[in-house]
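The values are calculated or read from the model by the stated rules, or taken from the named source; none is laboratory data. Quick caveat: nothing in here was measured; it's all calculated off a predicted structure. Every residue, glycine among them, receives a Cβ derived from its backbone with ideal geometry; neighbour counts consider all protein chains shown. Surface accessibility is based on the protein's heavy atoms, side chains included, excluding ligands, DNA and RNA. Shrake-Rupley method; radii C 1.70, N 1.55, O 1.52, S 1.80 Å.
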Amino acid sequence: MIRTAITAMLLASAAPALAEIHSIEPGEGAQERLQEALILAEPGDEIVLAAGRYELTDGLSLDVDGVTVRGAGMDGTVLDFTTQAGAGEGLLVTSDNVTLRDFAMENPKGDGIKSKGADNIVYYRIRVTWTRGPHPENGAYAIYPVESTGVLVDGVKVTGASDAGIYVGQSDRITVRNSIAEANVAGIEIENSRNALVEHNIATRNTGGILVFDLPDLPVMGGGNVIVANNLVVANDTPNFAPPGNIVAGVRRGTGIMVMANEDVLIENNILSGNPTAPVMVIAYVQPYDDERYNPLPRGVVVGENTFDGGGYDPQLEGGEMLKAAFGGELPPVMWDGLGSLYVTGEAPGWSLNLTEQGKGLGAAQPAPLAAPAPDAEFDRAGIGAPAELEARLTR
Amino acid sequence: MKLGTASLLAASLLLAGTVIARATPPPEQYVNDAAITEGGLPRLLSAYGFFADAAAQEPVPHVYSYRLNTPLYSDGAEKLRFIYRPAGSQIVASGEGLLDLPVGSALIKTFAFGEGEGRRLIETRVLLHRADGWLALPYLWNDEQTDARLAVAGARIDLTTPRGEDISYRVPNKNQCKECHGLDGEVVPIGPKARNLSGDWLEQMVAAGHIDRMPEGADRLPVWEHRGKASLGDAARAYLDVNCAHCHRPGATASNSGLDLRWEQDDPRALGIMKRPTAAGRGAGDLLFDVVPGDPDASILLHRMIVNEPGVAMPELGKATVDKEGVEAVRKWIADMEPR
């Protein structure tokens, strides 16, 4: 009795400084126990998910700042949403300074993990898998941070998303690295975002490997300051399985790295192989639009030194066979629509459609070998990537 | 020694007596203001003292029932709405929008299914206006219908809707409350906007001194049962405002979609007309635009109201069945638009 009292006093006095650990085990009532922990956690607390399979019927959500959710590894702790009956995603995070690490999520009905307005978030060694492989009724996004400043995605693995595996939208200060995106429509997509670093990832068996887009009619536009470097972009040859209304439904099977609209994007030191439409594609927004705030052109896109193993050997393009024949059996690896501004350093053979107007289709195309100048200045890398303090959280 | 025991016993009896006496409702009962304003999460709904007769949903004095002209669809649940403001304060009218409720106020909404003797209270959601902002909490009724207990993690309950559909009814968890009630990171009320409140009710509240003055722009949304008398546009836009716009507006949960379905929005693109989806995923089906004038079946907006599948169905929370009346209203509105 006395001992309990002393312990209680110690706990009470230490409470403000000591973060609490909430341990959750799989089994009966896991949905309620886990959700309750996510709600009652205090800033600084850690929610620890023991190894095992958690059968969950409803989406989870976290709205407390500074919480860490930690599993026993991306193959050890599995949140199974196969029988999910409600909510638009598996886990929704709406608070700042959250760390999600070392667990998996399978078959969510909508998106996997969505973090919205959640600044300084870390996704570390998370796996999101739709286990049946590519299918139009899989959820749209596996890892889905949006409207956030400070995003670090490191060591995740995403498979089967019917839109994008790793999708960062309308955000700023982003790093996506050391991750594997396999068999999604888009492997990794940076959309309407600024200051993003995409490096040391593997994008394979997607329809398109890595996409950098800027789209109209959204609250945040003007995407740019993006570096795509040191990625392995191979065998992105899965037929597009996105529902037709989505922007990625227009991505051609066999696209390696694609830039649409945006300003100041650097593509360098990537290895590109087996992307049969275009290893690198740089184009303007393809649809008509009437949003005055929007610039549909790619500006200041730089293709640096990359390793190309072949080019567009089986392009999913109108007149593809004729184009191939015209270019000697295979399209050169860099494809540009001729709109906006593109710079090339080093050895990067390419071709241009030489379009003169945005949003008018390919009717006026006059395909010819690419003649792009070298950039007139060093690419400005300042401020690109997630804030350094996010990295510090990985070692804890 | 024996005496000591006896007096201890007597003392404990006295204590017990006091407790019982406190639990017996006094003739005039009042709301427990401390439960609303002070920290912590009361475990039981009865702690607030909102009801003189909980099972009958009969409120104590100073708790007033109200209705909305056009209500949110909740699988046909009967919804009993109450508003409370603390003594010595006043609700401030602020145009057609939300009434400005002082700190210490509460909004209470009970969801019930079944009629007459068969009516069962399922859950009561409370919104408490504390000094540091609004707090939303869900309470789940017990089988005896005597009280409801806090269910921060929500619950699922099997029940049958008035249309005879067997559903797994979702009581939202505390975070899910914020998914609809969140605006610019804060929790805010949604329902009591002057434009969606009856003019008669507002006049009575003003006359009694509860609200400072008659708000301008009151009573604009059609009364849902009488929507046939309103224009197709007003009926549909009222429905979208009440059922969708708490998320689909700037600063709220679905802001990143760029779709803004508020009553006051008049930019056709923001309302979805010939707007391409942003992050709809498979929710878009085979369709290309949110609203295609003259062609409801080609409109994603309507598609997501008709398909009742998680990941596609809208709203994502708060309903398990398709709202046929809402579908009809929105269908007519889109069909009536000039094709382009």
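Here are a few things to note about the model shown:
- Remark: C-alpha extents of the protein assembly as shown on the principal axes read 108, 71, 45 Å, sorted largest to smallest.
- Cross-link reach is defined here as a Cα-Cα straight distance under 16 Å, omitting same-chain residues fewer than 8 places apart; for B:K109 the aspartates and glutamates meeting it are B:D53, B:E58, B:D75, B:E78, B:E123, B:D147.
- Applying 1/(1 + (r/R0)^6) with R0 = 56 Å to the Cβ-Cβ distance of B:D212 and A:A326 gives a FRET efficiency near 0.15.
- Working from label points 7 Å from Cα in the Cα-to-Cβ sense, the B:D184 to A:D376 distance is 4.3 nm.
- Label positions at A:A50 and B:D267, each projected 7 Å from the Cα along the C-beta direction, are separated by 5.2 nm.
- Chain B - percent relative contact order, Cα under 8 Å, separation 6 or more: 13 percent
- Set of lysines near A:K157 by C-alpha distance (under 21 Å), chain-local residues within fewer than 8 positions excluded: A:K109, A:K114, A:K116
- Looking at segment A:223-312, the GluC sites (Glu not before Pro) that sit in a DSSP loop and have at most 10 other Cβ atoms within 10 Å of their own Cβ are A:E292.
- Taking only protein heavy atoms and a 1.4 Å probe, the accessible area of segment A:110-395 is 50% carbon and sulfur.
- Using C-alpha pairs under 8 Å with a sequence gap of at least 6, the mean separation divided by the residue count of chain A gives a relative contact order of 9 percent.
- Shielding of B:248-259 by partner chains, average beta-carbon count, 10 Å: 4
- Close amide H pairs (under 5 Å, H built 1.01 Å from N) link A:K157 with A:I126, A:R127, A:V128, A:I180, residues at least 5 positions away or on another chain.
- Remark: C-alpha extents of segment A:110-395 on the principal axes read 52, 44, 38 Å, sorted largest to smallest.
- Helix axis angle, A:2-14 relative to chain A longest principal axis, alpha carbon, degrees: 30 degrees
- Heavy atoms of the protein chains alone define the surface here; on that basis the protein assembly as shown has 41 Å² accessible area per residue at 1.4 Å probe size.
- Label zone (B:K229, point 7 Å along Cα-to-C-beta; backbone nitrogen cut-off 17 Å) within segment B:191-205: B:196-202.
- Neighbour-limited loop hits for trypsin sites (Lys or Arg not before Pro), segment A:232-306 (at most 10 other Cβ within 10 Å; DSSP other than H, G, I, E, B): A:R293
- Net lengthening on full extension, A:A364/A:L232 (0.36 nm per residue, minus Cα-Cα): 44.1 nm
- Interface B:A - total buried accessible surface [probe 1.4 Å, Å², rounded to 100]: 3100 Å²
- Taking each residue as 0.36 nm, the span from A:T356 to A:A85 lengthens on full extension beyond its C-alpha to C-alpha distance by 92.6 nm.
- Largest to smallest principal axis extent of the C-alpha atoms in segment B:177-227, angstrom: 34, 30, 17
- Modelled this way, with points 7 Å down the Cα-to-C-beta line, the labels at B:D158 and B:R119 are 2.6 nm from one another.
- Segment B:222-340: Lys pairs at Cα distance under 24 angstrom, eight or more positions apart or on different chains: 5
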